[in-house]
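Below is one structure, written out as structure tokens; comments come after it.
The values are calculated or read from the model by the stated rules, or taken from the named source; none is laboratory data. These numbers come from a predicted model, not from an experiment. Here Cβ is always computed from backbone atoms with ideal geometry, including for glycine, and neighbour counts include all displayed protein chains. Heavy atoms of the whole protein, side chains included, go into the accessibility calculation; ligands, DNA and RNA do not. Shrake-Rupley method; radii C 1.70, N 1.55, O 1.52, S 1.80 Å.
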Amino acid sequence: MKHTLSREIAMKRLYAETVGGTDSIEEALEQTERDMSEENKLFSDRLYDGVHAHLTEIDETIEAHAKDWSIQRIAKVDLSILRIAVYELLYETAVPEGATVNEAVELAKLFGGEKSAGFVNGILGAIAKEH
């Protein structure tokens with residue numbers, strides 16, 4: 001089953017939290033005006049909760065592969081996307097690495113800046129090679 005919407009909702013919740021909000025799945029879904037299956041809600045929650053449970057390791061992994069970039073300098077949308085993808089790469093072993101990277105790049109194209117997709121792809125590609 002494709003989890004594109006699950007990732008998008010988890011990313012929106014992480015982003016909202018980063019800028020001072022507290023969106024629930026329902027609030028994030030309202031913004032997208034789409035419905036979500038129970039399976040995808042569970043996956044989205046697992047991503048969101050997993051990022052929180054492993055945030056220190058995830059951020060250290062991102063920073064180690066983001067040449068000359070500290071976590072504080074990374075755009076908040078890009079950082080939210082990277083956190084979800086790195087969590088998937090490290091802890092969701094049933095998800096193919098290529099799918100994780102591709103979905104993250106697509107989110108970066110939709111929600112990030114002009115260079116976000118390349119930035120996200122570069123970092124995730126380096127991390128995927130190590131794992």
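Residues in region 4-36 that are assigned to a loop (DSSP other than H, G, I, E, B), farther than 20 Å from Leu79 by Cβ and either of a type in the set (A, V, I, L, M, F, W, C) or at pLDDT 80 or above (or both): Met36 alone.
Residues are listed down the side, and each one gets a yes or a no for (1) in contact (Cβ under 8 Å) with a residue 24 or more places away in the chain; (2) more than 16 Å from Ala10 (Cβ to Cβ); (3) open to solvent by less than 40 Å² (accessible area, probe 1.4 Å); (4) of a type outside the set (Val, Ile, Thr):
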{"site": "Ala66", "(1), (2), (3), (4)": "yes, yes, yes, yes"}
{"site": "Ser80", "(1), (2), (3), (4)": "yes, no, yes, yes"}
{"site": "Arg83", "(1), (2), (3), (4)": "yes, no, yes, yes"}
{"site": "Tyr91", "(1), (2), (3), (4)": "yes, no, no, yes"}
{"site": "Ala94", "(1), (2), (3), (4)": "no, yes, no, yes"}
{"site": "Glu103", "(1), (2), (3), (4)": "yes, no, yes, yes"}
{"site": "Asn121", "(1), (2), (3), (4)": "no, yes, no, yes"}
{"site": "Gly125", "(1), (2), (3), (4)": "yes, yes, yes, yes"}
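Checked against (1) closer than 19 Å to His3 by Cα; (2) in contact with a His (Cβ under 7 Å, 6 or more places away or on another chain), Val77 passes all but condition (2).
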